[in-house]
1. Among the listed residues SER412, SER447, SER402, which satisfies the condition of being within 30 Å of SER204 (Cβ to Cβ) and buried (at least 16 other Cβ atoms within 10 Å of the Cβ)?
2. Scan region 273-290 for residues that are of a type in the set (Phe, Trp, Tyr) and within 53 Å of the chain's Cα centre (by Cα) and report the count.
3. Can you go through ALA486, ALA465 and tell me which one is touching a Phe, Trp or Tyr at 6+ places or on another chain (Cβ under 6 Å) and crowded, with 16+ Cβ neighbours inside 10 Å?
4. Filter region 338-358 down to residues that are in a helix (DSSP H, G or I) and surrounded by fewer than 14 Cβ atoms within 10 Å (Cβ to Cβ), then give me how many there are.
5. Would you confirm whether any residue within region 288-302 is under 28 Å from SER99 (Cα atoms) and among the aromatic types (Phe, Trp, Tyr)?
6. Given (1) surrounded by 12 or more Cβ atoms within 10 Å (Cβ to Cβ); (2) within 25 Å of LYS523 (Cα to Cα), where does ASP491 come up short, assuming only one miss?
7. Tell me yes or no: at least one residue of region 497-519 is in contact with a Phe, Trp or Tyr (Cβ under 8 Å, 6 or more places away or on another chain) and assigned to a loop (DSSP other than H, G, I, E, B).
8. From (1) surrounded by 13 or more Cβ atoms within 10 Å (Cβ to Cβ); (2) modelled with pLDDT of 95 or more; (3) among the acidic types (Asp, Glu), pick out the condition that doesn't hold for ASP392.
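The values are calculated or read from the model by the stated rules, or taken from the named source; none is laboratory data. Since this is a predicted model, take the numbers as computed values, not measurements. Don't worry about glycine lacking a Cβ; one is built from the backbone with ideal geometry, like all the others, and counts go over all protein chains shown.
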Amino acid sequence: MKRISLFLLFLVTGCDSSLKQIDNRVDQLMVERSESIGAVAPSSGFQIDTSFDEAIENTNPNTVNPTSEELVFVSAKEIDAMEIAEALQNAEANIALRSEPLTLKEALGWANTHAKEIEFARYDYVSTTLSLLHELHLWGPRFSNSIRTEVDADSTGGMYDTAVSVINDFQVSQNLYNGGTLSATALTSFLKSVQGSTTAGDSSSTDLGVSLEIPLLSGSGAVARESLIQAERNLVYGARTYERYRRTFYRVITGDYLSLAVQKQSLHNAQMGVDSLQQLASRQAALYSSGRARLYDSADAENQALAAVASLSQSWERYRLALDRFKIRIGWPIESDIDIVPTTIGVSPPQVNVSDAVVQALLFRLDLQNKYNQLGDAKRGVANAINGLLPDATFTAGVETSSETDRPVKFSGEDLDFIAGFSFSVPLDKETERILVRQQQIALEKSKRSYRESKDTVAVEVRSALRSITVYQFTLDLQERNVDIAKLGLDSINADPDRVSVLDQTRAISDLQGAKDSRDSAKRDLELSIVDYLLQAGQLRIHEDGTLKLPTG
């Protein structure tokens, strides 16, 4: 038992060491490919968690489904509007006290390391790299060794002659880049009589051989290493796809963060509106008590204030839900509270020529470069299919020799057997191959159309992104004017509130709140539209920590 444990320990240790070597080779390949395209390579190091509470062999897993009698329902207490209003009034301060401030830079850095989305993108990149390692292994020298033991017992007149044979078969083979294989074998056999009247059956020998097989027509040339060529190209595609995803991921996380900042500011604006409505309600109640206002105006002002409190309560719940979803997205612990810090990206609207921007996007977009190179894959597929129409012609050669009798490690060199041959297959039925050629040609035409469509889509996206910048610039200017106008309207009402109805006063408060919300949203939309342009034009660059690397100027 102790020997078995030591063997298992040795096996696991050796396996872990081999996996680390594979990880190192994966890292090296990803760094080489990513640096060749001016991008950042991820690390392949990750932990495999095999722990699981339930026995996976259990054919009847437990189900938790309590009956209605086992469930407990407790009715909530009656709603107190004033208590809710007071809680909402202190909500912002309470969150700031118990939460950890999280800046945009910190959120991006955390997401770049912990977000599941970016981890999945890394896994795809690593998987593509492992596929290339697999192909490189197949195209390198491959060694194999097998040991076979047999016991042979022959019965003669009730007596058994028993012999034990041990055969060791060692092989090494190498695929040739232009087709064919080169292989060498060493077959050693030992025969030992263990029971019988004679030992004349004891023998040992070794046979050595080298063989060569080369296709001359079909299967010859670059088509022979198609799988290796495609694996090498796929790694380049994987590097581009990963870098493109990092840029898109930056846009997504930044958009979510700025939207949270706008929501938080909207809550602040709403709280100010609630305060103003509550002041209005208190004033109308005092005027009614003194006989200077109608009961309807006092009740309406109070009802408007309570409605604003209810709306603010719903807004807080939407903000908390959005905050929790953001934490899940960036991989932040869900039980940990965070406080969004209002910020800006720090980008300015660019002054560019639309035609130049489109031309640059057609050159810079990594996903479009993948489309173009995949068009080359389709062309190569047609050439490979045409190669399949050629006849099968194969050249073979080999040499064999055997050791001296009962001396398996000694060779005289006098007994060498040579063999050479040529085979040719007349292609009487190539219908399947001709169909494959037509299929590959159709696939090539589809790739051409797809590439042209992708180019047109990129051009449309760049033009649309530039137009969006202009639209949001105008929208921001308009919303800032609306805020100024709303402030002037409210100030004029506050200067002489007795001459204005309660409805007009509440509307003025609501208009100012809405104008501020629209202005804040317009600021966010303008900055994100600039990031969208950089992304669509292929000019967005991201640091290794996931933050924005601004272009020159």
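1. SER402
2. 0
3. ALA465
4. At the first step, the residues of region 338-358 found to be in a helix (DSSP H, G or I) are 354-358.
Retained after the next criterion (residues that are surrounded by fewer than 14 Cβ atoms within 10 Å (Cβ to Cβ)): 354-356.
Of the residues in that region, 3 qualify.
5. no
6. Only one criterion is unmet by ASP491, namely (1).
7. no
8. Failing condition for ASP392: (2).
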